[in-house]
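Asks: Before we start, here is the structure in question, set down as structure tokens.
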Amino acid sequence: MQSYLKFYIDGCWVESQASLRLDVVNPSSEETIAQIACGGAADVDMAVDSAKRAFHSFSQTTRQERLDLLRKILVAYNERYEDLVQAVSQEMGAPLAFARSAQVYSGRAHLEENIRALEAFSFEERLGNTLVIREPIGVCALITPWNWPLNQIVCKVAPALAAGCAVVLKPSEVAPLSGIIFAEIIHAAGVPPGVFNLINSTGAQVGEHLVSHPLVDMVSFTGSTRAGVSIAKAAADTVKRVTQELGGKSANILLEDADFEMAVSKGVQACFSNTGQSCDAPTRMLVPASRQDEVIEIAKRTASQIVTGDPRHENTNLGPVVSLLQYEKIQELISSGLDEGATPVCGGLGRPNGLTSGYYVRPTIFADVTPGMRVAREEIFGPVLVIMPYTTEEEAISMANDTVYGLAAYVQSTDKARAREVAKRMRAGSVYLNYPEWNIQAPFGGYKQSGNGREYAHWGIHDYLEIKGAVGWFASA
């Protein structure tokens with residue numbers, strides 16, 4: 001690939017105005033696999049100016065023209081599917097099977113669902129004598145994370161284009177290769193120059209300038225709550241719209257009547273999926289105190305069947321975490337769990353046996369975790385599950401909601417009516433009952449410090465639109 005040291009601006013691959021370079025490290029080997037250009041303020045200005053020029057014409061395109069464009073992007077995406085699989089596996093250590101069936105698949109699914117959503121979306125509505133018009137908001141700055149690179153890129157870019165916006169994308173500098181391929185997909189699909197622009201850099205180098213830029217009308221950010229607060233402050237002076245999907249510490253309540261064999265084993269697998277690097281992972285398993293020993297036995301048995309290792313091997317379930325920084329953070333939090341008196345069920349400090357290099361973490365489970373412990377309160381973002389005993393259903397609900405986060409929650413029960421009542425009381429943007437299939441039509445976003453706004457399908461398109469009321473449009477003669 002020839003584009004690593006260039007940015008995609010105004011329909012062309014261009015040299016960065018800055019000279020800084022960043023290494024891209026394969027977390028499974030700790031080896032540098034590429035270098036990317038690290039942009040600065042001048043690159044941001046060029047990309048935003050390009051998007052602003054393109055917005056004037058692209059915002060006037062018809063629904064059909066944008067549908068045709070999204071369908072071409074989908075075709076180009078599928079043509080590069082295996083290239084994306086290899087890139088995601090190398091840049092973030094995802095096992096190849098998981099990269100293929102989940103990481104890259106999620107991008108395809110978002111494209112398909114945004115096409116369906118755009119086909120049915122209502123951009124105009126009559127209310128009495130008023131025509132309510134939904135119009136594209138303008139130039140959008142999209143800042144995406146490393147943990148689900150294509151999921152987050154596509155679930156921002158696709159609805160923005162569906163709405164008629166122009167975008168500047170800054171993927172994570174930790175896992176940028178899939179984003180570069182996505183820019184090549186955009187080019188191959190014939191997206192008009194300036195409608196999509198890509199800059200690689202760190203948040204410190206370009207983030208503040210991008211989100212505070214006076215020509216940027218909206219910022220959509222996915223990442224940590226700490227970074228989200230900084231972005232909201234930087235965007236405030238220009239009163240632009242900011243939507244954010246931030247951290248999580250999701251509770252998984254197992255009610256007394258749950259199928260414990262299923263609920264515990266699937267809960268462990270869901271927590272450890274993507275090596276625990278999902279913001280909505282069910283990381284706090286709340287269980288009846290009288291059944292904690294049974295839960296521990298099932299959880300330990302399930303964890304023992306998980307294979308951590310080289311992402312290229314077919315039998316690998318978990319790869320490494322994404323970086324040395326992430327590895328060290330997880331180790332520090334595991335250590336805090338041991339120091340604060342949690343009972344180790346499996347895993348612990350250091351790498352799994354037989355792995356002497358790479359950012360591999362031992363899948364770890366703690367029991368007897370109390371609400372005040374750091375492992376119960378902080379987002380670990382690694383394969384670490386905490387088991388928290390409760391005595392009453394009311395206590396379980398209180399414990400689940402006792403967090404600054406509110407992205408997701410999980411409820412397990414064989415009584416659907418009971419599960420639904422508990423779900424209504426969860427202070428979270430998504431509640432999953434009995435491990436349902438992924439529904440890409442459902443809104444995705446958080447309460448409290450997990451963010452604001454909603455993504456996925458028509459929910460995403462809605463957030464990229466302004467609402468105009470043309471009063472008197474239908475006035476009588």
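The values are calculated or read from the model by the stated rules, or taken from the named source; none is laboratory data. Everything numeric here is computed off the predicted structure, so don't read it as measured data. Virtual Cβ from ideal backbone geometry, glycine too; neighbours counted across all protein chains shown.
Asks: Just to verify a result, which residue in the stretch 164-199, among those that are under 15 Å from the mean Cα position of the chain (by Cα) and of a type in the set (A, V, I, L, M, F, W, C), is nearest to D217 (Cα to Cα)?
Replies: Among those that are under 15 Å from the mean Cα position of the chain (by Cα) and of a type in the set (A, V, I, L, M, F, W, C), it is L169.
Asks: What residue, of G372, G341, G354, G348, is modelled with pLDDT of 95 or more, farther than 24 Å from S290 by Cα and of a type in the set (G, A, S)? Don't jump to the end; show me each part of the working.
Replies: Working: G372 fails: farther than 24 Å from S290 by Cα; G341 fails: farther than 24 Å from S290 by Cα; G354 fails: modelled with pLDDT of 95 or more.
The match here is G348.
Asks: Would you mind stating whether R116 is closer than 20 Å to E455 by Cβ, within 17 Å of the chain's Cα centre (by Cα) and not in a strand (DSSP E or B)? Reasoning before the result, please.
Replies: Numbers: closer than 20 Å to E455 by Cβ: yes; within 17 Å of the chain's Cα centre (by Cα): no; not in a strand (DSSP E or B): yes.
Here the answer is no, as R116 does not meet what is asked.
Asks: Among I133, I153, I143, which is the only one that is more than 21 Å from Q326 (Cα to Cα) and touching a helix residue (DSSP H, G or I) at 6+ places or on another chain (Cβ under 8 Å)? Break it down stepwise before answering.
Replies: On the way: I133 fails: touching a helix residue (DSSP H, G or I) at 6+ places or on another chain (Cβ under 8 Å); I143 fails: more than 21 Å from Q326 (Cα to Cα).
Step by step, each of I133, I153, I143 is checked, and only I153 is more than 21 Å from Q326 (Cα to Cα) and touching a helix residue (DSSP H, G or I) at 6+ places or on another chain (Cβ under 8 Å).
Asks: Which of (1) in contact with a Leu (Cβ under 8 Å, 6 or more places away or on another chain); (2) surrounded by fewer than 19 Cβ atoms within 10 Å (Cβ to Cβ); (3) under 20 Å from I298 (Cα atoms) does T343 not meet, given it meets every other one?
Replies: Status for T343: all satisfied but (1).
Asks: In addition: Is it fair to say V239 is modelled with pLDDT of 95 or more and assigned by TED's automatic domain parsing to the domain that holds I33?
Replies: Values: modelled with pLDDT of 95 or more: yes; assigned by TED's automatic domain parsing to the domain that holds I33: yes.
Answer is yes for this residue.
Asks: Looking only at the stretch 1-33, filter to residues that are buried (at least 19 other Cβ atoms within 10 Å of the Cβ) and of a type in the set (G, A, S); which one of those is nearest to V321 (Cα to Cα)?
Replies: S28
Asks: Follow-up. Give, as residue ranges, the helices (runs of 4 or more DSSP H) completely inside the stretch 194-294 that count at least 1 residues that are in contact with an Asp or Glu (Cβ under 6 Å, 6 or more places away or on another chain) and closer than 29 Å to A183 by Cα.
Replies: Values: elements: 208-212, 225-236, 260-272.
Result: 225-236.
Asks: Related question: Take the conditions under 30 Å from D257 (Cα atoms) and either touching a residue at least 60 places away in the same chain (Cβ under 8 Å) or of a type in the set (S, T, Y) (or both) and apply them to Y456. Does it pass?
Replies: Values: under 30 Å from D257 (Cα atoms): no; either touching a residue at least 60 places away in the same chain (Cβ under 8 Å) or of a type in the set (S, T, Y) (or both): yes.
No: the conditions fail for Y456.
Asks: Could you identify the single residue in G354, G382, G341, G347 that is under 19 Å from T308 (Cα atoms) and out of contact with any helix residue (DSSP H, G or I) (no Cβ under 8 Å at 6 or more places or on another chain)?
Replies: Details: G382 fails: out of contact with any helix residue (DSSP H, G or I) (no Cβ under 8 Å at 6 or more places or on another chain); G341 fails: under 19 Å from T308 (Cα atoms); G347 fails: out of contact with any helix residue (DSSP H, G or I) (no Cβ under 8 Å at 6 or more places or on another chain).
From the options G354, G382, G341, G347, the qualifying one is G354.
This table checks each residue for (1) under 20 Å from N353 (Cα atoms); (2) in contact with a Leu (Cβ under 8 Å, 6 or more places away or on another chain); (3) in the same structural domain as R351 (by TED's automatic domain parsing).
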position: Q277; (1), (2), (3): no, no, yes
position: D280; (1), (2), (3): no, yes, yes
position: R301; (1), (2), (3): yes, no, yes
position: I306; (1), (2), (3): yes, yes, yes
position: D310; (1), (2), (3): yes, no, yes
position: H313; (1), (2), (3): yes, no, yes
position: P320; (1), (2), (3): yes, no, yes
position: L324; (1), (2), (3): yes, no, yes
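Asks: In the stretch 431-456, how many are assigned to a strand (DSSP E or B) and closer than 18 Å to L255 by Cα?
Replies: 3
Asks: In the stretch 115-167, what count of residues is obtained for those that are touching a Leu at 6+ places or on another chain (Cβ under 8 Å), over 21 Å from A87 (Cβ atoms) and of a type in the set (A, V, I, L, M)?
Replies: Residues in the stretch 115-167 being touching a Leu at 6+ places or on another chain (Cβ under 8 Å), over 21 Å from A87 (Cβ atoms) and of a type in the set (A, V, I, L, M): 9 in total.
Asks: Condition check: touching a residue at least 12 places away in the same chain (Cβ under 8 Å), among the charged types (D, E, K, R) and surrounded by 24 or more Cβ atoms within 10 Å (Cβ to Cβ). Does K156 satisfy that? Give the derivation first.
Replies: On the way: touching a residue at least 12 places away in the same chain (Cβ under 8 Å): yes; among the charged types (D, E, K, R): yes; surrounded by 24 or more Cβ atoms within 10 Å (Cβ to Cβ): yes.
When the stated conditions are applied, K156 passes them.
Asks: Another question, then. If L111 satisfies all but one of (1) surrounded by 15 or more Cβ atoms within 10 Å (Cβ to Cβ); (2) within 22 Å of E314 (Cβ to Cβ), what's the number of the condition it fails?
Replies: The single condition L111 does not satisfy is (2).
Asks: Among the listed residues A54, A41, A34, which satisfies the condition of being touching a residue at least 40 places away in the same chain (Cβ under 8 Å) and touching a His at 6+ places or on another chain (Cβ under 6 Å)?
Replies: Result: A41 is the single residue among A54, A41, A34 that is touching a residue at least 40 places away in the same chain (Cβ under 8 Å) and touching a His at 6+ places or on another chain (Cβ under 6 Å).
Asks: A follow-up question, please. Looking at the structure I just gave you, is G341 out of contact with any Ser or Thr (no Cβ under 6 Å at 6 or more places or on another chain) and in contact (Cβ under 8 Å) with a residue 40 or more places away in the chain? Talk me through it step by step, then tell me what you get.
Replies: Numbers: out of contact with any Ser or Thr (no Cβ under 6 Å at 6 or more places or on another chain): yes; in contact (Cβ under 8 Å) with a residue 40 or more places away in the chain: no.
Judged against the criteria, G341 is not a match.
Asks: Only one of P389, P352, P371 is touching a residue at least 24 places away in the same chain (Cβ under 8 Å), part of a loop (DSSP other than H, G, I, E, B), more than 28 Å from G445 (Cβ to Cβ) and assigned by TED's automatic domain parsing to the domain that holds V268; which?
Replies: Working: P389 fails: part of a loop (DSSP other than H, G, I, E, B); P371 fails: more than 28 Å from G445 (Cβ to Cβ).
The conditions single out P352.
Asks: Still on this structure, I have one more. Could you check how many residues of the stretch 459-477 are of a type outside the set (A, V, I, L, M) and either under 28 Å from V242 (Cβ atoms) or in contact with a Cys (Cβ under 7 Å, 6 or more places away or on another chain) (or both)?
Replies: From the stretch 459-477, those of a type outside the set (A, V, I, L, M) are 459-460, 462-464, 466, 468-469, 472-474, 476; that's our starting set.
Going one step further and asking which of them are either under 28 Å from V242 (Cβ atoms) or in contact with a Cys (Cβ under 7 Å, 6 or more places away or on another chain) (or both), we end up with 459-460, 462-464, 466, 468-469.
The number of residues fulfilling the criteria is 8.
Asks: Next up: Does G382 fit the bill of being farther than 30 Å from D293 by Cβ, buried (at least 22 other Cβ atoms within 10 Å of the Cβ) and at pLDDT 95 or above?
Replies: Values: farther than 30 Å from D293 by Cβ: no; buried (at least 22 other Cβ atoms within 10 Å of the Cβ): yes; at pLDDT 95 or above: yes.
When the stated conditions are applied, G382 does not pass them.
Asks: Please go through the stretch 60-101 and pick out each residue that is of a type outside the set (A, V, I, L, M, F, W, C) and either under 18 Å from N315 (Cα atoms) or in a loop (DSSP other than H, G, I, E, B) (or both). Quick ask: steps written out before the conclusion?
Replies: Residues of the stretch 60-101 that are of a type outside the set (A, V, I, L, M, F, W, C), as a first pass: 60-66, 68, 71-72, 77-83, 86, 89-91, 93, 95, 100-101.
Passing the criteria: Q60, T61, T62, R80, Q86, S89, Q90, G93, P95, R100, S101.
Asks: If you check G429, G453, G460, which single one turns out to be surrounded by 19 or more Cβ atoms within 10 Å (Cβ to Cβ), farther than 21 Å from Y105 by Cα and assigned by TED's automatic domain parsing to the domain that holds L161?
Replies: Working: G429 fails: assigned by TED's automatic domain parsing to the domain that holds L161; G460 fails: farther than 21 Å from Y105 by Cα.
Only one candidate passes the filter, namely G453.
Asks: In the stretch 44-56, is there at least one residue being assigned to a loop (DSSP other than H, G, I, E, B) and at pLDDT 95 or above?
Replies: Just the residues of the stretch 44-56 that are assigned to a loop (DSSP other than H, G, I, E, B), to begin with: none.
No: zero hits.
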